[in-house]
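Step one of this worksheet: look at the structure below.
The values are calculated or read from the model by the stated rules, or taken from the named source; none is laboratory data. Note that this is a predicted model, so its numbers are computed, not measured. Note: ideal-geometry Cβ built from the backbone for every residue, glycine included; neighbour counts use all protein chains shown.
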């Protein structure tokens, strides 16, 4: 498979207020990790709530409990690897759909999910101690306007679990089964240099580059595009990834 387009998308909890003031966990001994979504900030359809208590068992191997401030809250579970779905809105949704300028996105294009993870084997407040790593990959099957998703599938993505905003700008990406999912082991890709987390220089060369300056990885309204998605995907396959259809 040779995808024509690809985006890097940062997901998961982080130290911002909107990110839950926490990070997902990783063990650098074997690169096992816990996927911790950001908190949900909008009203959810009754019966479709995803409380943080659901992921408490995934934290046990790392020897850390769910933080008290997240325990009573709901997750914005996105991507949802159990359903192979990802939603977005606004400018990011427009970038995922594409345009005539950069090409309309098609089945077979890829979304690469990465997160800033806390290494349980490093002191918590060491500068640059986060592990920026790929945690999953979707090969696109279809892109839908969220308001068009059938009611029977509302529970399959965070953006259709919500009571939708009036403009209906949300989209939902569905990925191909068998070649999409959450990684069993994350793949570290970043380091801290020039005052920010960035893709390692040797990987930028191997992948054929990305559109963000010097491999910049931290949150931005403009998603980094892979300049050579086929070259990246060949590298990814060489990592012998094991893709799972579950969140943790």
Fill in: Failed condition for residue 74, given (1) surrounded by fewer than 19 Cβ atoms within 10 Å (Cβ to Cβ); (2) farther than 14 Å from residue 248 by Cα
(1)
Response to the item:
Of the residues in the stretch 98-120 that are over 22 Å from residue 198 (Cβ atoms) and modelled with pLDDT of 85 or more, the one that is surrounded by the most Cβ atoms within 10 Å (Cβ to Cβ) is 109
Worksheet entry | Unmet requirement for residue 230, which otherwise passes all of (1) surrounded by 14 or more Cβ atoms within 10 Å (Cβ to Cβ); (2) in contact (Cβ under 8 Å) with a residue 40 or more places away in the chain; (3) under 23 Å from residue 88 (Cα atoms) | (3)
Discussion item. Consider the stretch 4-27. How many of its residues are in contact with a helix residue (DSSP H, G or I) (Cβ under 9 Å, 6 or more places away or on another chain) and farther than 19 Å from residue 183 by Cα?
Written reply: 3
Item to complete: Considering every residue within the stretch 165-177, establish whether at least one is touching a strand residue (DSSP E or B) at 6+ places or on another chain (Cβ under 6 Å), surrounded by fewer than 22 Cβ atoms within 10 Å (Cβ to Cβ) and either closer than 16 Å to residue 113 by Cβ or at pLDDT below 95 (or both).
Response: yes
Worksheet item: Which number in (1) in a helix (DSSP H, G or I); (2) modelled with pLDDT of 95 or more marks the one condition that residue 133 misses?
Response: (1)
Worksheet item: Restricted to the stretch 209-223, and to residues that are surrounded by 15 or more Cβ atoms within 10 Å (Cβ to Cβ), under 22 Å from residue 108 (Cα atoms) and touching a helix residue (DSSP H, G or I) at 6+ places or on another chain (Cβ under 8 Å), which residue is modelled with the lowest pLDDT?
Response: 223
Discussion item. Of the conditions (1) at negative phi; (2) touching a strand residue (DSSP E or B) at 6+ places or on another chain (Cβ under 6 Å); (3) assigned to a loop (DSSP other than H, G, I, E, B); (4) touching a residue at least 60 places away in the same chain (Cβ under 8 Å), residue 30 satisfies every one except a single condition; which number is it?
Written reply: (2)
Practice prompt. Using the structure shown, decide if residue 48 is farther than 30 Å from residue 196 by Cβ and either in a helix (DSSP H, G or I) or touching a residue at least 40 places away in the same chain (Cβ under 8 Å) (or both).
Written response: yes
Response to the item:
If we keep only residues of the stretch 152-164 that are at pLDDT 95 or above and surrounded by fewer than 21 Cβ atoms within 10 Å (Cβ to Cβ), then the residue farthest from residue 38 (Cα to Cα) is 152
Discussion item. Please verify whether residue 6 is in contact (Cβ under 8 Å) with a residue 60 or more places away in the chain, buried (at least 17 other Cβ atoms within 10 Å of the Cβ) and on the phi > 0 side of the Ramachandran plot, treating the condition exactly as stated.
Written reply: no
Worksheet item: Can you name the residue in the stretch 221-246 that is assigned to a loop (DSSP other than H, G, I, E, B) and touching a strand residue (DSSP E or B) at 6+ places or on another chain (Cβ under 8 Å) and, of all such residues, is farthest from residue 138 (Cα to Cα)?
Response: 227
Discussion item. Anything in the stretch 151-197 that is in contact with a helix residue (DSSP H, G or I) (Cβ under 7 Å, 6 or more places away or on another chain) and farther than 24 Å from residue 47 by Cβ? List them, or say none.
Written reply: 169, 189, 194
